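Here the structure comes first, spelled out in structure tokens, and everything after it is commentary.
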Amino acid sequence: MRNSLLKYFSAALFSAFFLQASFLQAQVLQTQDQANPQPDDRFKADLLVVVAHPDDETEIGAYLARAIFDEKKHVAVVFGTRGNGGGNAQGQEQAATLGAIREIEARRALEHFGVMNVWFLNGPDTPGQSVLHSLETWNHGDSLARLVRLVRLTRPTVIATWLPGYVAGENHGDHQAAGVLATEAFDIAADPAAYSEQIIPPRDRSDINNFTEGLHPWQVEKLYYFSDASNTDFMKGKGPAYSATDISPSRHVSYARLATEECAFHLTQDDTGQMATKALANNDLHVFEQPVRLILGKSHVESDVTADMFAGVVPEGISYHPPGPVTPEVTSQPTLQLGESWRFYRDFWRAHGLDRLAELVGPEVAVNFDSFLWVPLIIENPTGAPLNVSLTIDMPHGWTYVRKPPQQISVRPHQTYSFDFEMRTPAERVEGWTAIGIRADSDGKLLGAIQLRVQLSGGALPQ
Ligand SMILES: [Zn+2]
């Protein structure tokens, strides 16, 4: 009896001690949390979509409907611009006012999907197909800092963005810029030395005049691309594809219909909002029933290329995966290369471990009838001797020069020579593919040859 009483008192004492210890520990944790709270859960995203313009999210609208309504994923969206360029299919308003309108159209469209965490970088709409032009007008460094901040705030598991590559199709420079920035942010958001002012804790969060932001480094696990190419066959087998005609178990309509409803909010845009509104009125959704195709760009977790976007992800997150060391391309022989965006992408892909993207599509471009095509070229001479090059251009039938390339070129030792030529496309409308052959010879030997595939079309391309 005494023994059991002793046991009873011992157990009671132990429990009291344990309870008090737990209580004290909870108090310490609570005090610590008040001083240094955990990241704000209201902003945690599973998927961060990084695009250029209000309405770009509709490119993967059917997938977003699936992910949000039936897979219960939290989605956040970053737009590079407010869409201040382009025509207004709804009213008279233009330029900055059009941007103000399109910001609200995008917010309302995404609210229809329950997506409220939507941000806009400060890029202006930049018409054209040059990623470098868009990165320049967007103020590349400033936009990247803003995007890295939003990656650290939203802590996404997956990022989906436009393909950073040059393709025949709309090939919008702003789309490409969004893909470039998202790729860069994917690689550096977990680096504590990158934009450190964003991640050093504030001195006193409850006081004013704090100048550091208190975010945490964040490693995104997977990066996927979609494309505005006119023909997306090159994407097959390079990533997952999602049917738009599947019926949503929770909404009992097709994902295409849900995507069309979301798209219909973009009323200032003829080829998305107005088209979606008409499609719903006519109950003809065939334009919106294309499958959503993605390319797996990078993954830091085990995942098959064509597996679901969230296959293999680690719920608690992963540690920092710095991009691998970049091996500089050292050429000992002279080369002929396409310049400008094509040249940029060769270096960009190598720097971000995306060499596979170089094999997706060869050099290609879409151009309208009765229009102009500018072709930039570079000859590199890494040797110690002067290089004399003769150039031959094989031009398609009916094309004419606006500005001819030089036929003979001298490149000094260890120098790079940039030049270009411009052509006018034929006025007669014969749709299809053609090619421009570019050949450089030196001392009777082939130095380099390029086949630039050209798609002639009468459709709207960014000017
Ligand atoms: Zn766009």
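Say R0 is 35 Å: what FRET efficiency, to the nearest 0.05, do ALA449 and ALA193 get from their beta-carbon distance? Can you show the working numbers first?
Numbers: r = 43 Å, r/R0 = 1.24.
Approximately 0.20, to the nearest 0.05.
Roughly how many debye, to the nearest 20, is the charge dipole of the range 330-441 about its Cα centre, given +1 on each Lys and Arg Cβ, -1 on each Asp and Glu Cβ, and no other charges?
Values: 10 positive and 13 negative charges, 56 e Å.
It comes to approximately 260 debye.
Using a cut-off of 13 Å between beta-carbons, work out the net charge of the residues near GLU213 (Lys and Arg +1, Asp and Glu -1, GLU213 not included).
Details: positive: ARG146, ARG149, ARG152, ARG203, ARG205; negative: ASP40, GLU197.
Spelling it out: positives minus negatives among the neighbours equals +3.
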Report summary line: Of the range 371-409, those with amide N under 20 Å from the point 7 Å along the Cα→Cβ vector of ARG346 are 374-394, 405-406, 409
Report task. Rank by packing, highest mean first: peptides 77-89, 39-51, with packing defined as the count of other Cβ atoms within 10 Å averaged across residues. Result -> 77-89, 39-51
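State to the nearest 20 debye the size of the charge dipole of the chain about its Cα centre, where the only charges are +1 on K and R beta carbons and -1 on D and E beta carbons.
960 debye
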Requested in this report: Report, in deg cm²/dmol and to the nearest 500, the calculated mean residue ellipticity at 222 nm for the chain, where each DSSP H run with n ≥ 4 adds -39500 (n - 2.57) and the sum is divided by the residue count.
Outcome: -8500 deg cm²/dmol
Query raised in the report: Which distance in nm do the two modelled labels at ASP233 and GLU93 give, with both placed 7 Å along the Cα-to-Cβ direction?
Result: 4.3 nm
Report summary line: In nm, the gap between the two label points placed 7 Å beyond Cα toward Cβ at ASP271 and ALA385 is 5.1 nm
Query raised in the report: If you roll a 1.4 Å probe over the chain with all protein chains in place, what percent of the accessible area is carbon or sulfur?
Result: 53 percent
Requested in this report: Find out how many positive minus negative residues lie around PRO363, taking Lys and Arg as positive, Asp and Glu as negative, among other residues whose Cβ is under 15 Å from that of PRO363.
Outcome: -1
Report summary line: Packing-ranked peptide list from 430-439, 93-102, highest mean Cβ count within 10 angstrom first, is 93-102, 430-439
Query raised in the report: Under 20 Å from the 7 Å Cα→Cβ point of ASP246, by amide nitrogen: which residues of the range 119-163?
Result: 157-161
Query - Loop-located chymotrypsin sites (Phe, Trp or Tyr not before Pro) in the range 155-234 whose Cβ has at most 13 other Cβ within 10 Å (DSSP) - result: PHE211
Report summary line: Neighbours of SER248 by Cβ distance under 15 Å: Lys/Arg at +1, Asp/Glu at -1, summed charge -1
Query - In nm, spacing of pseudo-spin labels at LYS72 and THR306 (7 Å Cα→C-beta vector) - result: 3.0 nm
Query raised in the report: Given the C-alpha centroids of the range 109-149 and the range 304-333, what is the distance between them in whole angstrom?
Result: 23 Å
Query raised in the report: the range 237-294: which trypsin sites (Lys or Arg not before Pro) are DSSP loop and have at most 15 other beta-carbon atoms within 10 angstrom?
Result: ARG251
Query - q = 0.08, 0.10 Å⁻¹, the chain: log10 I(q)/I(0) [Debye, one scatterer per Cα] - result: -0.57, -0.83
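Residue separation times 0.36 nm, minus the C-alpha to C-alpha distance between GLN337 and TYR320: what's the value? Present the calculation step by step, with values, prior to reporting the outcome.
Values: separation 17, 0.36 × 17 = 6.12 nm, distance 3.53 nm.
Fully extending the segment from GLN337 to TYR320 adds 2.6 nm.
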Query raised in the report: Sorted by average packing, counted as other Cβ atoms within 10 angstrom per residue and highest first, what order do 118-127, 348-357, 409-418 take?
Result: 118-127, 348-357, 409-418
Report task. Give, in nm to one decimal, the length gained when the segment between PHE369 and THR327 is fully stretched (0.36 nm per residue of separation minus the Cα-Cα distance). Result -> 11.0 nm
Query - Mean separation of Cα contacts under 8 Å, 6 or more apart, over the residue count of the chain: relative contact order % - result: 14 percent
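How large is the accessible surface per residue of the range 309-389, computed with a 1.4 Å probe and reported in Å² as a whole number? List each step's numbers first, then the result.
Values: 3920 Å² over 81 residues.
On a per-residue basis, 48 Å².
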Query raised in the report: Within straight cross-link reach of LYS238, meaning Cα distance under 16 Å, which lysines are found once same-chain residues fewer than 8 apart are removed?
Result: LYS222, LYS298
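The values are calculated or read from the model by the stated rules, or taken from the named source; none is laboratory data. Note that this is a predicted model, so its numbers are computed, not measured. Here Cβ is always computed from backbone atoms with ideal geometry, including for glycine, and neighbour counts include all displayed protein chains. Only protein heavy atoms, including side chains, enter the accessible area calculation; ligands, DNA and RNA are left aside. Shrake-Rupley method; radii C 1.70, N 1.55, O 1.52, S 1.80 Å.
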